[in-house]
């Protein structure tokens, strides 16, 4: 029975990893669509988002079945609960990619202009944070997950800079308001991706250490461990 249960846990983890790859690909494609203005890539993002939604439901059902039919030990119970939350965050990453794709379509109706926002840098930071969080999940590495929360990747500052720069642009050149506002929403969705990645890192800490991520960091800072 224990072996069968461990196989089910392994299957659950593997499905999450497949979904994680799909979510990462969705973001990569959405950013590529923004850079190239290729609407065929937007179509791929939309298709991928629907596939992510289906997989989210499948993973939730698998996790619910484990909780309903088994009596997991504390560590396994934390893993299953963490998977449910990670699953939700990956679905929201897919949603963010879909939103970027929609905004890229909106930009097609306006002239292409240079705007004071570094979308590529924001995308790179968001993707790096996501990769680090998922690697922490794969390796059950609480220290790596904690580093995702501890490192200031500059995403908040980039988001604020984009907001202020584009707001000033709209004041000076109101005719560029549609492009500026749409690009700001793209930046906001990339910022959200980084936020979902940090939430995944918090869930890994909960699974591995049995601790709320914020509380753990406070205790570690005081020389205590959980």
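How high is the relative contact order of the chain, in percent, counting Cα pairs under 8 Å that sit 6 or more residues apart?
Numbers: 265 pairs, mean separation 55.4, N = 226.
In percent, rounded to a whole number, it is 24.
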Point to revise | Relative contact order computed over segment 1-84 (Cα-Cα under 8 Å; 6+ residues apart), in percent | key: 34 percent
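Given R₀ = 45 Å, FRET efficiency for residue 138-residue 175 by Cβ-Cβ distance, to 0.05? Intermediate values should be presented prior to the final figure.
Values: r = 48 Å, r/R0 = 1.07.
Efficiency, rounded to the nearest 0.05: 0.40.
By how many nm would the segment from residue 35 to residue 14 lengthen if fully extended, with 0.36 nm per residue of separation less the alpha-carbon distance?
Details: separation 21, 0.36 × 21 = 7.56 nm, distance 3.19 nm.
Taking 0.36 nm per residue and subtracting the Cα distance, the gain is 4.4 nm.
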Practice item. Can you tell me the FRET efficiency between residue 160 and residue 53 if r is taken as the Cβ-Cβ distance and R0 is 25 Å, rounded to the nearest 0.05? Key: 0.20
Review point. Against the longest principal axis of the chain, how steep is helix 74-107, in degrees 0 to 90 to the nearest 10, with axes from Cα atoms?
Key: 10 degrees
Practice item. Only Cα pairs under 8 Å and at least 6 apart count here; give the relative contact order of segment 107-187 as a rounded whole percent. Key: 38 percent
Revision key, fill the gap. Ranked from fewest to most other Cβ atoms within 10 Å of their own Cβ, 13, 160, 8 fall in the order 160, 13, 8
Exercise for review: Working from Cα positions, state the angle (0 to 90°, nearest 10) between the long axis of helix 177-209 and the longest principal axis of the chain.
Suggested key: 10 degrees
Point to revise | For 188, 135, order by how many other beta-carbon atoms lie within 10 Å, fewest first | key: 135, 188
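Taking the number of other C-beta atoms within 10 Å as the exposure measure, put 200, 86 in order starting with the fewest.
On the way: 200 28, 86 25.
Result, fewest neighbours first: 86, 200.
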**Study point:** Rounded tilt (10° steps) of 155-172 against the dominant C-alpha axis of the chain
**Key:** 20 degrees
Review point. Using a basic spin-label model with each label point 7 Å from the Cα along Cα→Cβ, how many nm lie between residue 120 and residue 65?
Key: 4.5 nm
Review point. Which of (1) 19.6, 69; (2) 20.9, 68; (3) 20.7, 96 is the computed Rg and Dmax of the Cα atoms in Å for the structure on display?
Key: (1)
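Each value in this text was obtained by applying a stated rule to the coordinates, not by laboratory testing. A quick note: this is a predicted structure, and the numbers were derived from the prediction, not measured. Positions of Cβ are backbone-derived with ideal geometry, glycine not excepted, and every protein chain shown enters the neighbour counts.
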